[in-house]
1. Given the conditions (1) open to solvent by less than 30 Å² (accessible area, probe 1.4 Å); (2) within 30 Å of A:Arg38 (Cβ to Cβ), which single one is not true for B:Tyr313?
2. Can you tell me which residue among A:Met43, A:Met100 is within 14 Å of chain B (Cβ to nearest Cβ), crowded, with 24+ Cβ neighbours inside 10 Å and touching a Ser or Thr at 6+ places or on another chain (Cβ under 7 Å)?
3. Kindly indicate whether any position in region A:207-222 is on the phi > 0 side of the Ramachandran plot and open to solvent by 20 Å² or more (accessible area, probe 1.4 Å).
4. Out of everything in region B:234-246 that is assigned to a helix (DSSP H, G or I) and in contact with a strand residue (DSSP E or B) (Cβ under 8 Å, 6 or more places away or on another chain), what residue ends up being surrounded by the most Cβ atoms within 10 Å (Cβ to Cβ)?
5. Would you say A:Asn306 is open to solvent by 50 Å² or more (accessible area, probe 1.4 Å) and more than 12 Å from chain B (Cβ to nearest Cβ)?
6. Filter region B:88-123 down to residues that are at positive phi and over 17 Å from the mean Cα position of the chain (by Cα), then give me how many there are.
7. Among the residues of region A:247-294, how many are part of a helix (DSSP H, G or I), over 20 Å from B:Ala254 (Cβ atoms), within 7 Å of chain B (Cβ to nearest Cβ) and small (Gly, Ala, Ser)?
2 protein chains.
Amino acid sequence: ALAAPALAQTAPEVRWRCASSFPRTLDTIYGAAEHVSRRVAAMTDGKFQIRVFQAGELVPGLQVADAVQGGTVECAHTASYYFVGKDPTFAFDATVPFGMNTRQLNAWLYSGGGREALRPFFERFNTVSIPCGNTGAQMGGWFRKEIKTVQDLNGLKMRIAGIAGQVFAKLGVVPQQIAGGDIYPALEKGTIDAAEWIGPYDDAKLGFNRVAPFYYYPGWWEGALNLSFYVAKPKHDELPPAYREVLESACRDATLETMAKYDAQNPQALRQLVAAGTQLRAFPREVLQACYKAAFELYDETAARNEAFKKVYDNFRAFRDTQFQWFRVAENTFDNFVYFQHAQEQRGAAGEQRR
Amino acid sequence: ALAAPALAQTAPEVRWRCASSFPRTLDTIYGAAEHVSRRVAAMTDGKFQIRVFQAGELVPGLQVADAVQGGTVECAHTASYYFVGKDPTFAFDATVPFGMNTRQLNAWLYSGGGREALRPFFERFNTVSIPCGNTGAQMGGWFRKEIKTVQDLNGLKMRIAGIAGQVFAKLGVVPQQIAGGDIYPALEKGTIDAAEWIGPYDDAKLGFNRVAPFYYYPGWWEGALNLSFYVAKPKHDELPPAYREVLESACRDATLETMAKYDAQNPQALRQLVAAGTQLRAFPREVLQACYKAAFELYDETAARNEAFKKVYDNFRAFRDTQFQWFRVAENTFDNFVYFQHAQEQRGAAGEQRR
């Protein structure tokens, strides 16, 4: 007689709907929410079910934060910087221009006080935000003409959103907000001069290489992009403790999984793009420096008039300041040497083939 | 009446013992197994319990693979390269000199076919190996004298194990196998000239900076170190499916967690070491190049006489060959610019303070 309530208590059926900000065709990012759904079900013998809906099925992709806050859905999967129009503080949960790379951002979020710093901010929206997926460093996007000086940015119509758009605007770029599916025709017709999306694997699927010859790097506005699993706070609170832990681990699992998937697929996609004629270009250092200056000016201006932003920014920046010496010494010197040596080898092998 | 068997079936009590290869004082790496233990318990309402024992409590640290294979314990937490004496193929589950960095190694293991390539090898040992924790790029260790040329390696007595020791031996180094706790006195007395351990956070706790002035980078033999959670295959097979999934996600969680912990703590430890007088030194490029050449010669020699090694190495190397172009373009240029710019800023700020 005691067993039945015990079962009901330890393993109740929970069914949630998750509104994704992304289309199903974006198998990398959209796939992170599906990964969570699969993992949560697998870890609870199917008792905890999360059904993922692509952008537009339940609510438009950019309204998922409202849907969670208002209780329309229990949860959502999104990139927090979509909501900088509500409050620029959201950006720290995703990425900021010239911020940190993936390892550093994860270190801040998981072990450096980042999540704790963001928690009170998200409580204002009745939302719990769990890191869930990362794209790694993105590309700087597709350009119809080369960018050789800061002056070349003046009047450039570029599809780029949020804080990065504001930074670019300080240098004369005219930022355009265009949904993923509408970028190709705009770039083809020349309505816009440039567009950024994600990286080789996702970009190639949209075919931007057919309408813009120059592919710039680095995507200085997204040295990493942390994606977020939003849960309505009351729903999170009422979850059985074991399910809450299952959800947390599933989201961490999704972070590792999306990163591994991108890292396995981007290299091949980049190689194919280059083989098909795409021309890689680095942003000139003077352009990067002008953008860097503009970015940190923007953060200071924003911090001066937004207390929440200032609080999180101070925490973020202090952590970032401690990171770079170590990363330069150990990771960066290992990477630099191995890449250099490998490139020498490849050139050597190509030379031998030619002989 | 039906409920009790259902409960028993879906949530049986499982108690495992995990033999760690590490001492409890190594809170970073030893902590990964404890993290798994905590997460697994939290996700199953305490039904699945894994008790972690430090090296020597159940079996000596370097005998945990035998203990799992022989059924003395259900599971273990270790670094697979400890077992290269059994078979050098184990190394690919941990790291090889000049291999890949953490992101790349994870991409190979989780999404590039690495785990699949290693599975048949581990089946020979009746073991399932689950990635579980990573140290990131390690340091090149502590030296009593500077290394300026390849000749300076000749006759150098260095505490360094496994494949890295074999590579160094090709250049005249005399590798020494010394347990963590015995390194300090050997370095202090001059019984050895150099010793590598892990990185700033772990090394500082052992006080090596007090007995060797030069701290070298990069640790080219460990651009990443994947740690492994070994499970006796019959035990893994008989685990209820949900618990198997819980264990997998807990191990992925531990990978993210240890990385974040190291990345949050190594920077501060390095800063403190440098402030206390430690002198950072980069291995000269000619030394790195000689070691690189020796490493790949060793892999070719080993592959020629070991079929299992060849199989995994071919897979590993093909994946590695595809990775670097992409990582140079996106991640490396982002890192290089941001580190450069940040260092300029810091120098600027220091200059202003002096004025």
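The values are calculated or read from the model by the stated rules, or taken from the named source; none is laboratory data. Predicted, not measured: the structure shown is a model, and the values here were computed from it. Methodologically, a virtual Cβ is constructed for each residue, glycine included, from the backbone with ideal geometry; neighbour enumeration extends over all protein chains shown. Surface areas here come from the heavy atoms of the whole protein model, side chains and all, with no ligands, DNA or RNA. Shrake-Rupley method; radii C 1.70, N 1.55, O 1.52, S 1.80 Å.
1. (2)
2. The unique qualifying residue is A:Met43.
3. no
4. B:Val246
5. no
6. Residues that pass the stated criteria total 1.
7. Final tally of qualifying residues: 1.
Every residue, every condition in (1) farther than 30 Å from B:Val173 by Cα; (2) within 20 Å of the chain's Cα centre (by Cα); (3) at pLDDT 95 or above, yes or no:
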{"position": "B:Lys235", "(1), (2), (3)": "yes, no, yes"}
{"position": "B:Glu238", "(1), (2), (3)": "yes, no, yes"}
{"position": "B:Glu245", "(1), (2), (3)": "yes, no, yes"}
{"position": "B:Ala250", "(1), (2), (3)": "yes, yes, yes"}
{"position": "B:Gln265", "(1), (2), (3)": "yes, yes, yes"}
{"position": "B:Tyr292", "(1), (2), (3)": "no, yes, yes"}
{"position": "B:Tyr299", "(1), (2), (3)": "no, yes, yes"}
{"position": "B:Arg305", "(1), (2), (3)": "no, no, yes"}
{"position": "B:Val312", "(1), (2), (3)": "no, yes, yes"}
